[in-house]
Amino acid sequence: MFRNIRHHMTFGRGVAATFAAIVTLGLGLSVTAADAAFDGRDQQKPKPTIVFVHGGWADSSGWNDEITRLERRGYAVIAPANPLRELASDAAYIRSVLQTISGPIVLVGHSYGGAVITNAAVGVPNVKALVYIAGFAPDRGESLLQLVTMNPGTLIGPATLDTRPYPLAGGWYWNRPVLKKSAFHEAFAADLPLKITDQMQATQRPFSNEAFVSLSGEPAWRTIPSWYQVSTQDNAIPPVTQRFMAQRAHAIVAEVRASHVAMMSQPDETTRLILNAADSIR
C-alpha cells in the first residue's frame, strides 16, 4: 500500500470575571484560561460562526471541549460529519455546509480535515480565517501521501493499519484503513488515558485510501489568513512537516506539547488559537 504513512448584567470587568467564576464553579464546570480572559467586547461585536472539520479515525465529538468553551462565550458552532471518502467530494460536502451560513466563518480542521478545509473554503467569500490543528495544508497537486512521507517520524503505516473494504456500485470497492488497537494510543493520542483511546479506537471512522492519494486543488490558504497549531509530540504527522506547511501558508503559528489530538488533550490552548483567529476578523 504505502510505507510510513505518516494541536447580561453590567459589571466591571473584574467583578464580571469573579461572578462568572463563582457561577461556573457552582455548576461544577471547569474554569478555563479562555473563560478567565473574558472581555466585554465579546458581547458588543458580532461573532463569526466557528465550523469544525474532523479528520480520519475520528468524528466530530473530538471537538466537544472546544464547542463547550466557544458556546459559553456566545459563538455559534457547527461540527458536520466529514464523509472521509475522497478529498474533492469531502470538500464539496463541507463547502455546501459553509454556503448555508450567513456572516463570517472561522473554519477549523484537524489532520485530514485540514486538507478538506484547504479545498472547501475556495470560492466561499465569508470564510475569513482558517485554523489548522495538526492539520494537512496541501498545496495544489499535493496528496496526503506525499506530505506525510516527506519527513521521518510517523508511526502510521502498514504495520499499524488494518483495512476494511467499502463496497461500491458495479462490484468495485474502496479500501478503508483503520488504526489497530495495539497502535492507536501511541500513534494517535499518546497523551490521553488508555481508557479513552481504547474507546476512540473502537468508535473510529475509517477513511479511504483515495483520501491519501487524492491531489489537492488550489489552496484556500493562499488567499485566506491562516493559523496553525503544531503538536510537538505528534506521532502521526511529524512536527517538522507541520511547521513546513504552516510556514508555507504564512500562518500564525502556535506550538503545543501534545499528541496528534491536541484539541482533546489541550483544549484551552486550542480554543485560544481559535479565539485569536476570530478576534482578527471582528
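Keeping every protein chain in place, order Asp279, Asp268 by accessible area at 1.4 Å, biggest value first, i.e. largest first. Before the final figure, lay out each step's value.
Details: Asp279 70, Asp268 45 Å².
Largest to smallest exposure gives the sequence Asp279, Asp268.
Do you know the relative contact order of the stretch 139-282, to the nearest whole percent, from alpha carbon pairs under 8 angstrom that are 6+ apart?
Working: 203 pairs, mean separation 38.2, N = 144.
27 percent.
Suppose the Debye formula is applied to equal point scatterers at every Cα of the stretch 73-206; what is log10 I(q)/I(0) at q = 0.11, 0.14 Å⁻¹?
For the stretch 73-206 at q = 0.11, 0.14 Å⁻¹, log10 I(q)/I(0) is -0.49, -0.79.
So how much slack lies between Ala159 and Arg222, counting 0.36 nm per residue of separation and subtracting their Cα-Cα distance, in nm? Provide the component values of the computation, followed by the final result.
Numbers: separation 63, 0.36 × 63 = 22.68 nm, distance 3.57 nm.
This chain segment gains 19.1 nm when fully extended.
At q = 0.19, 0.26, 0.28 Å⁻¹, work out log10 I(q)/I(0) for the stretch 84-151 with the Debye formula, treating every Cα as an identical point scatterer and leaving solvent out; two decimals please.
-0.70, -1.19, -1.32
Residues of the stretch 77-164: accessible area per residue at 1.4 Å, in Å²?
Working: 2980 Å² over 88 residues.
In whole numbers, the stretch 77-164 has 34 Å² accessible per residue.
Taking Lys181 as the anchor, which aspartates and glutamates have their alpha carbon closer than 13 Å to its alpha carbon, excluding any fewer than eight residues away along the same chain?
Asp162, Asp198
Given q = 0.14 Å⁻¹, what are the Debye log10 I(q)/I(0) values for the stretch 167-274, with equal point scatterers placed on the Cα positions and solvent ignored?
Calculated log10 I(q)/I(0) at the listed q: -0.72.
Ignoring ligands and nucleic acids, what accessible area does Met263 show with a 1.4 Å probe (Å², nearest 10)?
Accessible area of Met263: about 10 Å².
Aspartates and glutamates within cross-link reach of Lys195: Cα-Cα under 20 Å, excluding same-chain residues under 8 positions apart?
Within the straight-line limit of under 20 Å, Lys195 reaches these aspartates and glutamates: Asp59, Asp65, Glu186, Asp234.
So if R0 is 41 Å, what FRET efficiency would Met150 and Asp268 give, r being the distance between their Cβ atoms, rounded to the nearest 0.05?
Working: r = 31 Å, r/R0 = 0.75.
It comes to 0.85.
What lysines sit close enough to Lys47 to cross-link, taking a C-alpha to C-alpha distance under 27 Å and skipping anything fewer than 8 places away on the same chain?
Straight-distance partners of Lys47: Lys128.
Extending each Cα 7 Å along its Cβ direction at Ser89 and Ser182, get the distance between those two points in nm, one decimal.
Result for the modelled spin labels: 3.3 nm.
What is the local net charge at Ala220, summed over the other residues whose Cβ is closer than 12 Å to its Cβ (Lys, Arg +1; Asp, Glu -1)? Numbers along the way, then the final one.
On the way: positive: Arg95, Lys128, Arg140, Arg222; negative: Asp139, Glu218.
Surrounding charge for Ala220 is +2.
Give me the percent relative contact order of the stretch 213-281, please, defined on Cα pairs under 8 angstrom at least 6 residues apart. Intermediate results must be reported in sequence, preceding the final value.
Numbers: 71 pairs, mean separation 22.7, N = 69.
Taking the mean separation of contacting Cα pairs over the length of the stretch 213-281, I get 33 percent.
Please state, rounded to one decimal and in Å, the Kirkwood hydrodynamic radius that the stretch 125-172 gives when every pair of distinct Cα atoms enters the mean of 1/r. Provide the component values of the computation, followed by the final result.
Details: mean 1/r = 0.0684 Å⁻¹.
Hydrodynamic radius (Kirkwood, Cα pairs) of the stretch 125-172 is 14.6 Å.
Which order do you get for Ile117, Ile252, Ile101 if you rank them by accessible area with a 1.4 Å probe, largest at the top? Could you put the intermediate results ahead of the total?
Details: Ile117 0, Ile252 90, Ile101 25 Å².
Of Ile117, Ile252, Ile101, the descending order of accessible area is Ile252, Ile101, Ile117.
What does the charge count near Asn64 come to, summing +1 for each Lys or Arg and -1 for each Asp or Glu among other residues with Cβ under 13 Å from its Cβ? If you can, show how the numbers build up before the last one.
Values: positive: Arg69, Arg72; negative: Asp59, Asp65, Glu66, Glu71.
It works out to a net charge of -2.
Classify the stretch 167-228: rounded, prolate or oblate, from the alpha-carbon gyration tensor (a ≥ b ≥ c, eigenvalue square roots; a/c under 1.5 rounded; otherwise prolate if a/b is larger than b/c)?
On the way: a/c = 3.24, a/b = 1.14, b/c = 2.83.
Because a/c hits 1.5 or more and a/b fails to exceed b/c, the stretch 167-228 counts as oblate.
The values are calculated or read from the model by the stated rules, or taken from the named source; none is laboratory data. Since the structure is predicted, the reported quantities are computational estimates derived from the model, not experimental observations. Don't worry about glycine lacking a Cβ; one is built from the backbone with ideal geometry, like all the others, and counts go over all protein chains shown. All accessible areas refer to the heavy atoms of the entire protein, side chains included, with ligands and DNA or RNA removed. Shrake-Rupley method; radii C 1.70, N 1.55, O 1.52, S 1.80 Å.
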